[in-house]
Structure formats: C-alpha cells, structure tokens
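**Q** Before I ask anything, let me first share the structure, which is written out below as structure tokens.
Throughout, read-outs are computed from the coordinates displayed, never taken from laboratory work. Note that this is a predicted model, so its numbers are computed, not measured. Glycine also receives a Cβ, built like all others from the backbone with ideal geometry; neighbour counts cover every protein chain displayed.
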C-alpha cells in the first residue's frame, strides 16, 4: 500500500488524534494539535508506520494522569518531518512499544524521549 492510498502523515496523525478523543475526554486530558500541512510523504510502510504511531500515541494518552495536558505537532524542520508529543508520560517498555519503536527506526526514523516529551523524526 502506498502513502497515496493510505493517506499522508498529516491525515494519519489527524485520524489518530480524532480517534483518541473519547479516551482523552474520559481522562480529562487537555489536548492541542498543530499539524503543518506542507510536510511531504515520509518513507516506510504506511500501515506499519500508522500502527506504530497509533501505539505510541495511545500509550501516551493511556499513561497520562487525569487532568494532564497533551500537545501533538507535526512540522517540517531542516529536511525532516518532526512529530512531537509534549506531555507524553512513558510507560514500561512493553513488547508492543518496542515493536512500534523498531518500526519507526526501520522506516528511517529516530525516537527521543525526555521529561514527558516524545519526538519522532523522519528524514524527508
């Protein structure tokens, strides 16, 4: 499946964000999203990257505390597509999270976690 058939990274992130709305509402998570529209397609297998991003986003929401704040952004920076999830509380490294991280890396991406922030960078 190509990115054109699956949707670009912007549409994938927006669908995932919308799908997580109910869970965020239940946990009273304040949410903000900022998706830059001009980010070109990233490399990698679209369904696998979609599932990996869904796992990472879902984990951040699930592990957040009630009343926390979460901000998702996508921007093009220095030839990279940068996905940032601020306020992401990391859970234990489950096999599912490890697999999601490996899919991102196998797609040419990099992941960094620090102090409640998750950064995923894909070269363009």
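**Q** On the first, second and third principal axes, largest extent first, how far apart are the outermost C-alpha atoms of the chain in Å?
**A** 37, 29, 27
**Q** To the nearest 10 degrees, how steeply does helix 9-19 sit against the main Cα axis of the chain, on a 0 to 90 scale?
**A** So the inclination is approximately 30 degrees.
**Q** Consider a paramagnetic label point 7 Å from the Cα of residue 124 along Cα→Cβ; state which residues of the stretch 27-69 have an amide N under 16 Å from it.
**A** In the stretch 27-69, the label zone of residue 124 (backbone N under 16 Å from the point 7 Å along Cα→Cβ) covers 35-44.
**Q** Something else: Among 24, 82, 96, which one shows the highest mean-square fluctuation when the chain is modelled as a Gaussian network with alpha-carbon springs under 10 Å?
**A** Ranking 24, 82, 96 by mean-square fluctuation puts 96 first.
**Q** Most mobile of 67, 58, 109 per a Gaussian network model of the chain (Cα springs, under 10 Å)?
**A** The residue that fluctuates most here is 67.
**Q** Which translational diffusion coefficient, to the nearest whole µm²/s, is obtained for the stretch 31-100 from the Stokes-Einstein equation, given a Kirkwood hydrodynamic radius over C-alpha pairs, 4 °C and 1.567 mPa s?
**A** 98 µm²/s
**Q** Pairs of Cα atoms under 8 Å, at least six residues apart: use those to get the relative contact order of the chain, whole percent.
**A** After rounding, I find 27 percent.
**Q** Continuing with this model, one more query. Mind checking the angle between helix 46-63 and the chain's longest principal axis? C-alpha axes, 0 to 90 degrees, to the nearest 10.
**A** That helix lies at roughly 20 degrees to the long axis.
**Q** Please identify, among 92, 59, 34, the residue showing maximal mean-square fluctuation in a Gaussian network model of the chain using a 10 angstrom Cα cutoff.
**A** Of 92, 59, 34, the Gaussian network model singles out 92 as fluctuating most.
**Q** Test of understanding: what is the full-extension gain from residue 30 to residue 94, defined as 0.36 nm times their sequence separation minus their Cα-Cα distance?
**A** 20.5 nm
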